[in-house]
Amino acid sequence: MIATLLNEIAASEDQFQLATYKKMQIAAERGEGVWIYTAEGERYLDLYGGHAVAGTGHCHPHVVKAIREQAEQLLFYSNLVYSSTRARAAEKLVSIAPASLTKAFFCNSGTEANENAMRMARMTTGREQIITFSGGFHGRTADAISATFLGKYRELGKPNVPGHLQAEFGDIESVRALADETVAAIMLEPIQSMAGVRVAEPGFYRALRELCDERGIVLIYDEVQTGVGRTGEWFFAGSAAGDGVVPDIITLAKALGSGIPVGACLVTDQIGARIKENDLGTTFGGGMLAMAAVTATLEAIEADGMLEKVKTVEAYLRERLTEVESVVAVHGRGFLLGIEFIDKAAPVHQKLLERKIITGTSSNPKVLRLLPPLCLQRAEVDLFVSALEQG
Ligand SMILES: Cc1ncc(COP(=O)(O)O)c(C=O)c1O
């Protein structure tokens with residue numbers, strides 16, 4: 001085999017790391033907007049955003065500047081001190097959240113946000129059980145993986161945390177049957193991403209809200225993927241697609257720090273009032289570098305009018321996809337889209353990669369997932385569609 005730079009990098013990574021990921025044959029070196037440049041100088045159109053993280057695009061100048069300036073000032077101090085950087089991030093995040101979500105708790109990842117959300121639900125209700133859904137994914141730490149009924153994940157997390165119940169996504173009767181006085185929370189991805197981008201009818205979210213209100217259950221939206229502008233709204237919570245329903249807790253991560261690891265829970269006054277000193281904690285949560293990234297990320301989305309642009313470009317993409325014969329349906333909202341093909345999506349994913357376009361697959365073999373940066377434009381949609389049309 002000819003020793004290319006990619007081969008050298010791959011061999012080195014593989015030698016010193018556990019082989020936990022099936023990797024694409026790309027060594028990413030530099031990023032700009034929707035583009036990734038490889039160690040070998042090639043350019044890829046990134047419609048996957050590194051697992052939905054690059055919401056503002058790769059290396060958005062405003063975010064890079066804020067991180068650089070913060071790094072020169074103070075990388076980190078823990079929650080034992082106040083910080084104007086943390087204060088700004090919390091204020092900014094709460095200001096864009098639905099009005100009833102008034103307090104933030106910062107952590108470091110999506111799974112950790114979900115663990116803390118479930119813990120808050122148990123603490124505030126005095127109950128233990130958590131209802132989640134078939135096809136949902138919530139992370140890989142003990143409680144979150146036990147709440148994940150997608151595929152094999154729960155199996156990987158054995159022995160599971162007790163008290164997790166599975167309902168059918170979109171089927172309110174299946175939830176009603178489980179939602180008794182032992183249930184602390186109902187938690188869902190409002191759009192199930194890994195399951196193949198599944199959205200329920202707006203009435204399902206409304207019925208969940210009513211059921212939770214009636215039975216004193218905490219409603220948690222895992223917006224780790226849908227949050228921070230991905231659907232063309234700041235959050236799925238409060239959107240028309242969800243009949244305006246606002247949960248008691250939203251969890252966030254992924255795009256929140258544009259690539260600097262950060263997670264968050266947004267909670268109501270009622271829940272906030274029940275959480276006391278030392279009930280929750282994490283060393284790194286709320287660190288200055290991450291907080292600077294959060295504020296700058298939200299500012300960049302706002303300043304560039306990305307939410308509006310997502311909606312316009314989504315409409316254009318949907319329209320263009322009607323021209324592609326092999327496409328059966330397009331699921332999802334904004335830039336969380338599942339393109340369903342007549343046949344398997346994996347060969348399409350591979351062909352696109354050969355044409356230097358990165359997309360994602362899902363647990364539905366016929367669905368290709370797109371999670372591009374929110375700054376994707378029409379010209380790049382055209383590139384994608386013509387690559388698809390080449391078959
Ligand atoms: C909906 C959802 N929740 C939670 C997680 C877990 O997030 P993390 O990998 O940051 O722990 C993910 C990750 O893919 C996710 O998609």
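Throughout, read-outs are computed from the coordinates displayed, never taken from laboratory work. No experiment lies behind these values; they were computed from the predicted model shown. Neighbour counts run over all protein chains shown; Cβ positions are idealised from the backbone, glycine included.
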>> Please give me the summed charge of the neighbours of LEU368: other residues whose Cβ is under 11 Å from its Cβ, Lys and Arg +1, Asp and Glu -1.
In response: +3
> How are the Cα pair distances of the stretch 234-391 distributed, in percent, across 5 Å bins from 0?
Replying inline: 2, 8, 13, 17, 17, 14, 12, 9, 5, 3, 1, 0
>> Give me, ordered by chain and number, the residues 5 or more places off VAL34 or on other chains with an amide H under 5 Å from its own placed amide H.
In response: HIS58
> Of all the stretches in the chain, which is the longest one without any exposed loop site, taking trypsin sites (Lys or Arg not before Pro) in a DSSP loop (any state but H, G, I, E, B) with at most 11 other Cβ atoms within 10 Å?
Replying inline: 24-151
>> Quick query: amide H of THR102 versus all other amide H atoms, modeled in the peptide plane; which residues come in under 5 Å with a sequence gap of 5 or more or a different chain?
In response: VAL267, THR268, ASP269
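Using the 2.2 N^0.38 Å rule of thumb for compact globular proteins, work out how the stretch 65-124 stacks up: its C-alpha Rg over that value, please. Walk me through the intermediate numbers first.
Working: Rg = 13.9 Å, N = 60, 2.2 N^0.38 = 10.4 Å.
Normalised by 2.2 N^0.38 Å, the Cα Rg of the stretch 65-124 equals 1.34.
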> For the chain, what is the mean residue ellipticity at 222 nm derived from helices alone (per DSSP H run of n ≥ 4: -39500 (n - 2.57); sum divided by total residues; nearest 500 deg cm²/dmol)?
Replying inline: -11000 deg cm²/dmol
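In what order do MET288, MET118 fall by count of nearby beta-carbon atoms within 10 Å, going from fewest to most?
MET288, MET118
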> Going toward the positive end of the dipole of the chain, with +1 on Lys and Arg Cβ and -1 on Asp and Glu Cβ, which of GLY126, VAL81, SER95 do you reach last?
Replying inline: VAL81
> Excluding GLU189 itself, what net charge comes from residues whose Cβ is under 11 Å from its Cβ, given Lys and Arg +1 and Asp and Glu -1?
Replying inline: -1
> With springs only between Cα atoms under 10 Å, which of ALA207, ALA379, ALA117 fluctuates most in a Gaussian network model of the chain?
Replying inline: ALA379
> How big is the Kirkwood radius of the chain, worked out from every pair of different alpha carbons and given in Å to one decimal?
Replying inline: 21.6
>> To the nearest 20 Debye, how big is the dipole of the stretch 169-269 about its Cα centre, given +1 on the beta carbon of each Lys and Arg and -1 on that of each Asp and Glu?
In response: 400
>> As a test, work out the antiparallel percent of DSSP beta bridges whose residues both lie in the chain, rounded to the nearest 5.
In response: 65
> For helix 84-96, what angle does its Cα long axis make with the longest principal axis of the chain, in degrees from 0 to 90 and rounded to 10?
Replying inline: 90
> Taking only Cα atoms, what is the 0 to 90° angle, nearest 10, from helix 61-73's long axis to the longest principal axis of the chain?
Replying inline: 60
> Which of PHE106, ALA71, LEU337 sits farthest toward the positive end of the charge dipole of the chain, with +1 on the Cβ of Lys and Arg and -1 on the Cβ of Asp and Glu?
Replying inline: ALA71
> How large is ³J(HN,Hα), in whole Hz, for each residue of the stretch 34-43 in order, when computed from phi with the Karplus curve 6.51 cos²θ - 1.76 cosθ + 1.60 and θ = phi - 60°, using x for Gly and Pro?
Replying inline: 8, 10, 10, 10, 8, 4, 9, x, 8, 10
>> What is the angle, in °, between the Cα long axis of helix 110-125 and the longest principal axis of the Cα atoms in the chain? Nearest 10 is fine, range 0 to 90.
In response: 10
>> If the only charges are +1 at each Lys and Arg Cβ and -1 at each Asp and Glu Cβ, what is the size of the charge dipole of the stretch 12-54 around the Cα centre, to the nearest 20 debye?
In response: 140
> Which residue fluctuates the most in the chain, going by a Gaussian network model with Cα springs under 10 Å, if the choices are LEU337, LEU317, LEU370?
Replying inline: LEU317
>> Spelling out what I want: for every residue of the stretch 346-357, take phi, set θ = phi - 60°, compute 6.51 cos²θ - 1.76 cosθ + 1.60 (Karplus), and round to whole Hz; glycine and proline get x.
In response: 4, x, 5, 4, 5, 4, 4, 4, 4, 8, 6, 10
> Among SER12, HIS349, LEU266, whose Cα lies farthest out toward the positive end of the dipole of the chain, if unit charges sit on the beta carbon of Lys, Arg (+1) and Asp, Glu (-1)?
Replying inline: SER12
> What's the longest piece of the chain with no exposed chymotrypsin sites (Phe, Trp or Tyr not before Pro), counting a site as exposed if DSSP puts it in a loop and it has at most 10 other beta carbons within 10 Å?
Replying inline: 83-391
> What is the dipole size for the chain, taken about its Cα centre, with +1 at each Lys and Arg Cβ and -1 at each Asp and Glu Cβ, in debye to the nearest 20?
Replying inline: 340
